[in-house]
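S.K.: Please find one structure pasted underneath; my questions will follow.
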Amino acid sequence: MIALLDLGRKFGARDDHGMMINLRLTGQDIADLVDSSRPKTSECLKKLVAEGVVMREHGRFVINSAKIQISLRS
């Protein structure tokens, strides 16, 4: 989640749903970024989508920064 926040800060733009990361990233790209396997990363991303923390829109990730920060505090 911290990697997504960092990407949002560096490459993000606010939209109606949160912070859109203005990069077309694949699950493999995220896995490489966090030094994890693609299957494990995909599993984590699916969980974040189900929790409403992350969305995919037009091939880009949209993150809900507030929900990520709340999750990190708990």
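The values are calculated or read from the model by the stated rules, or taken from the named source; none is laboratory data. Just so it is clear, the model here is predicted, and its values are computed rather than measured. All Cβ positions, even for glycine, are placed from backbone atoms using ideal geometry, and neighbour counts span all protein chains on display. The accessibility values were calculated without ligands, DNA or RNA, using every heavy atom of the protein model including side chains. Shrake-Rupley method; radii C 1.70, N 1.55, O 1.52, S 1.80 Å.
S.K.: Ordered by residue, what ³J(HN,Hα) values in Hz, to whole numbers, does the range 4-15 give under the Karplus form 6.51 cos²θ - 1.76 cosθ + 1.60, where θ = phi - 60° and Gly and Pro are x?
M.R.: Once θ is set to phi - 60°, the couplings for the range 4-15 become 5, 4, 4, 4, x, 5, 7, 10, x, 9, 5, 9 Hz.
S.K.: Within the range 1-54, list the trypsin sites (Lys or Arg not before Pro) lying in a DSSP loop whose Cβ has at most 12 other Cβ atoms in a 10 Å radius.
M.R.: R24
S.K.: OK, next. At 222 nm, what helix-only mean residue ellipticity would the chain give, in deg cm²/dmol to the nearest 500, using -39500 (n - 2.57) for each DSSP H run of four or more?
M.R.: Helix-only estimate at 222 nm: -16000 deg cm²/dmol.
S.K.: Hey, of (1) 15, 31, 35, 18, 2; (2) 21, 59, 20, 0; (3) 17, 42, 33, 8, 0, which did the structure itself give for P(r) over Cα pairs in 10 Å bins from 0, in percent when calculated?
M.R.: (2)
S.K.: For a paramagnetic label modelled at 7 Å from the Cα of R14 toward its Cβ, which residues of the range 39-71 fall within the zone defined by backbone nitrogen distances under 18 Å?
M.R.: So the set is 62-70.
S.K.: Tell me, what HN-Hα J-couplings in whole Hz come from the Karplus equation 6.51 cos²θ - 1.76 cosθ + 1.60 at θ = phi - 60° for each residue of the range 34-47, using x for Gly and Pro?
M.R.: So the Karplus estimates, Gly and Pro as x, are 9, 6, 9, 7, 5, x, 5, 5, 4, 4, 5, 5, 4, 5 Hz.
S.K.: So, one more: Pop a pseudo-label 7 angstrom from the Cα along the beta-carbon direction at both N22 and E57 and give the gap in nm to one decimal.
M.R.: So the label points at N22 and E57 sit 1.4 nm apart.
S.K.: What percentage of the solvent-accessible surface of the chain, computed with a 1.4 Å probe over protein heavy atoms, is contributed by carbon and sulfur atoms?
M.R.: 53 percent
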